[in-house]
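Accompanying notes for the structure given below.
The values are calculated or read from the model by the stated rules, or taken from the named source; none is laboratory data. All figures in this text were calculated on a predicted structure; none of them were measured in a lab. All Cβ positions, glycine included, derive from the backbone under ideal geometry; neighbour counts span all protein chains shown. For the accessible areas, the whole protein counts, side chains as well, though only heavy atoms, and no ligand, DNA or RNA atoms are used. Shrake-Rupley method; radii C 1.70, N 1.55, O 1.52, S 1.80 Å.
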Amino acid sequence: MKADLTEGDPYPGKQAIHDRIIKMSEIAQKGPEKISSYKLSDRTLVIVREGILVAIEKQLISLGFDDTLRISKRPLEKGIL
């Protein structure tokens, strides 16, 4: 069951962070269809990107290669950040 994700409360720099995450996503794969973020504390920001998988990633997941995909994408996205 999918949780209902609503936009979190505003915080300083929220739009700039969303813009930066969108640009990073476009470099690595494709821009998110929807992005939400939630500031949990001064040191913790949760960002939810929806609709970022391309067709090949969806196929790999359906074939059971989701762990392999996650492991291979992690250093790519960290390098872009």
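What the table shows:
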| read-out | value |
| --- | --- |
| Taking the chain and dividing mean pair separation by its residue count, relative contact order in percent (alpha carbons under 8 Å, at least six apart) | 26 percent |
| Helix-only [θ]222 nm of the chain, DSSP H runs n ≥ 4, -39500 (n - 2.57) each, per residue, nearest 500 | -15000 deg cm²/dmol |
| Option label - percent of Cα pairs over 21 Å apart computed here, alternatives (1) 36; (2) 55; (3) 25 | (1) |
| Set of lysines with alpha-carbon distance to residue 58 below 17 Å, sequence-local pairs under 8 removed | 30, 73 |
| Reachable lysines, given that their alpha-carbon falls under 22 Å from the alpha-carbon of residue 39 and they are not under 8 places away in the same chain | 2, 14, 23, 78 |
| Exposure of residue 74 as accessible area (Å², to 10), given a probe of 1.4 Å and all protein chains | 110 Å² |
| Residue 48 accessible area, assembled protein chains, probe 1.4 Å, Å² | 40 Å² |
| Neighbourhood net charge (13 Å Cβ-Cβ; Lys/Arg +1, Asp/Glu -1) for residue 72 | 0 |
| Accessible area in square angstrom per residue, the chain, 1.4 angstrom probe | 75 Å² |
| Rounded accessible area of residue 67 (nearest 10 Å², 1.4 Å probe) | 90 Å² |
| Net charge of neighbours whose Cβ lies under 11 Å from the Cβ of residue 24, counting Lys and Arg as +1 and Asp and Glu as -1 | +1 |
